[in-house]
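S.K.: The structure's right below; bear with me while I get my questions together.
Read the figures in this text as sums done on the coordinates, not as results from a lab. Since the structure is predicted, the reported quantities are computational estimates derived from the model, not experimental observations. Every residue, glycine among them, receives a Cβ derived from its backbone with ideal geometry; neighbour counts consider all protein chains shown.
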């Protein structure tokens, strides 16, 4: 009886449970087996000079949760991550980048993929002229305005690529008219689904940096709104949808 | 003998050791007893709109280490922290802020203090006109330049305050002429010491975000350069210097 108890405690499912992970799924529960899923996560940092940068608010938590869920569902997962201090999910290949241009290069280098989930909050603009040395405060006059240049649009670039993933999913963080903006983005970017969330709200109220998320899934056919859920649960449900959509169009 | 061993294992020093903390110091080893030390740490984030911001690169690790070391040396410690994801050191009162203006208000609210150690990498500039809603990419034209405004200088403001701490220490992150810039800053800001470090070097080579630091202590009398050290060791040594200087001018 004691030996049986020890064996039970040492079983893989039990070990996973002990470190807070869900048990490994059986083969028939791994619906993304044989698929390559590409995920981007986190912000990008666009340098102004060696110590200053422009960034988007993004903790990377939602993207990392999606990468983890896709790996647990059996996919080979490439996670292109902006500068965040999060552990790499088990079974995920991680590529760290800083700027939008580096993120685009890493995404293109990871193709082909069956599905790409572009969760990263990529900076729309970079500074037109990065300074090689730290800019000094003048102290007397008003600082010079910061000239900006538009960054490459990673989602739109993927959509028209010769290696466009079969299923291309974008994220949209909006502060107003969330669904209308997401529908416009879906059409403009030529992707298959936009996961939209409302990031309005002050510090502490916002989903950014938090552990929960309230999202709307916007496709050409429908808008589906999910309740406020833990980011892990959003990830697990989204991975289910990805698997169904990939199966329904399996060549 | 077994009971003795158990007692030894349960002793406060041993418990501290078990969780990776140094043992509590005896009273005579607590040279900042009765002092109030104010520390700022981390970056500030200056919002462009609800999702974008300008920031300085700063992990907050050096400032948090100094706050921890000062508390272990017996000081009452107020730590004014910009947006970083670090645990609050034991025995430290933490005030979280986002922008430079909020940091200045929190610092002024924490006075009087015997010593202030201004480690935070405060953004010199904020955006002149923060947008209430997320700015949209135009897509067709070049983005409008970002108009900037100068932020308050927290160190210089403290130096001329009616409640100027007896010992006022600034930090300087420089990419060139490190010591000359620190000496100029010491004179310009009217403080008692500048801790200067060289933050040049590419990603991975830089001290920013890393666990080690190479600093120069610049006062009107001297420049002292320390070897590359763990940030905790820089903190412990600096706290020794603070205690000596406060004792030498004890009223």
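S.K.: In nm, give the distance between the simple-model label positions of residue B:212 and residue A:137, each being 7 Å from the Cα along the Cα-to-Cβ direction.
M.R.: Here the modelled spin labels are 3.2 nm apart.
S.K.: Going by average Cβ neighbours within 10 Å, how do the peptides B:150-161, B:108-119 rank, with the highest at the top? Don't skip to the answer; put the middle values down first.
M.R.: On the way: B:150-161: 17.9, B:108-119: 20.7.
Averaged packing, sorted descending, gives the order B:108-119, B:150-161.
S.K.: Could you work out the mean count of beta carbons from other protein chains within 10 Å of each residue's beta carbon in B:104-112?
M.R.: Values: counts 0, 0, 0, 0, 0, 0, 0, 0, 0.
Per residue, the average neighbour count from other chains is 0.
S.K.: If we hang a label 7 Å off Cα along the beta carbon direction at residue B:145, how far is it from the matching labels on the other copies, in nm, shortest first?
M.R.: Label-point separations across copies, in nm and ascending: 0.6.
S.K.: From the label point of residue A:237, set 7 Å from Cα along Cα→Cβ, how far away are the matching label points in the other copies, in nm, ordered shortest to longest?
M.R.: 5.4
S.K.: Could you compute the FRET efficiency for residue A:111 and residue B:102, with r as their C-beta to C-beta distance and R0 at 56 Å, rounded to 0.05? Walk me through the intermediate numbers first.
M.R.: On the way: r = 44 Å, r/R0 = 0.78.
Result of the calculation: an efficiency of 0.80.
S.K.: Would you mind computing Rg(Cα) / (2.2 N^0.38 Å) for segment A:42-163, counting N as its residues?
M.R.: Working: Rg = 16.7 Å, N = 122, 2.2 N^0.38 = 13.7 Å.
Dividing the Cα radius of gyration by 2.2 N^0.38 Å gives 1.22.
S.K.: Suppose each label sits 7 Å from its Cα in the direction of the beta carbon; what would the residue A:161-residue B:156 distance come out to in nanometres?
M.R.: In this crude spin-label approximation the distance works out to 4.8 nm.
S.K.: Once you sort the root eigenvalues of the Cα gyration tensor of segment B:67-119 as a ≥ b ≥ c, which label holds: rounded (a/c under 1.5), prolate (a/b larger than b/c) or oblate (the other case)? Each step should come with its number before you reach the end.
M.R.: Details: a/c = 2.33, a/b = 1.26, b/c = 1.85.
Note, shape of segment B:67-119 comes out oblate.
S.K.: Separate question: Taking the beta-carbon count within 10 Å as an exposure proxy, list B:216, B:45 from fewest neighbours to most.
M.R.: On the way: B:216 19, B:45 23.
Neighbour counts put them in this order, fewest first: B:216, B:45.
S.K.: Which whole number gives the average, over all residues in A:146-153, of C-beta atoms from other chains lying within 10 Å of the residue C-beta?
M.R.: Numbers: counts 8, 5, 5, 2, 7, 2, 0, 2.
The shielding value for this peptide is 4.
S.K.: Over segment B:71-192, what is the relative contact order in percent, taking alpha-carbon pairs closer than 8 angstrom and at least six residues apart?
M.R.: 24
S.K.: Measuring nothing but label to label, 7 Å from Cα along Cα→Cβ, what are residue B:98's distances to the other copies in nm, shortest first?
M.R.: 2.6
S.K.: Measuring from label point to label point, each 7 Å out along Cα→Cβ, what is the residue A:221 to residue B:241 span in nm?
M.R.: Output for this residue pair reads 6.7 nm.
S.K.: Continuing with the same structure: If you take each beta carbon of peptide A:124-131 and count the beta carbons of other chains within 10 angstrom, what is the mean?
M.R.: Details: counts 9, 8, 1, 2, 3, 0, 0, 1.
Across the residues of A:124-131, the mean count of other-chain Cβ atoms within 10 Å is 3.
S.K.: Moving on to the next point. Specify whether the C-alpha gyration tensor of segment A:34-90 places it in the rounded, prolate or oblate class, a ≥ b ≥ c being the square roots of the eigenvalues: rounded for a/c under 1.5, otherwise prolate if a/b is larger than b/c and oblate if not.
M.R.: Prolate shape, in that a/c is at least 1.5 and a/b is the bigger ratio.
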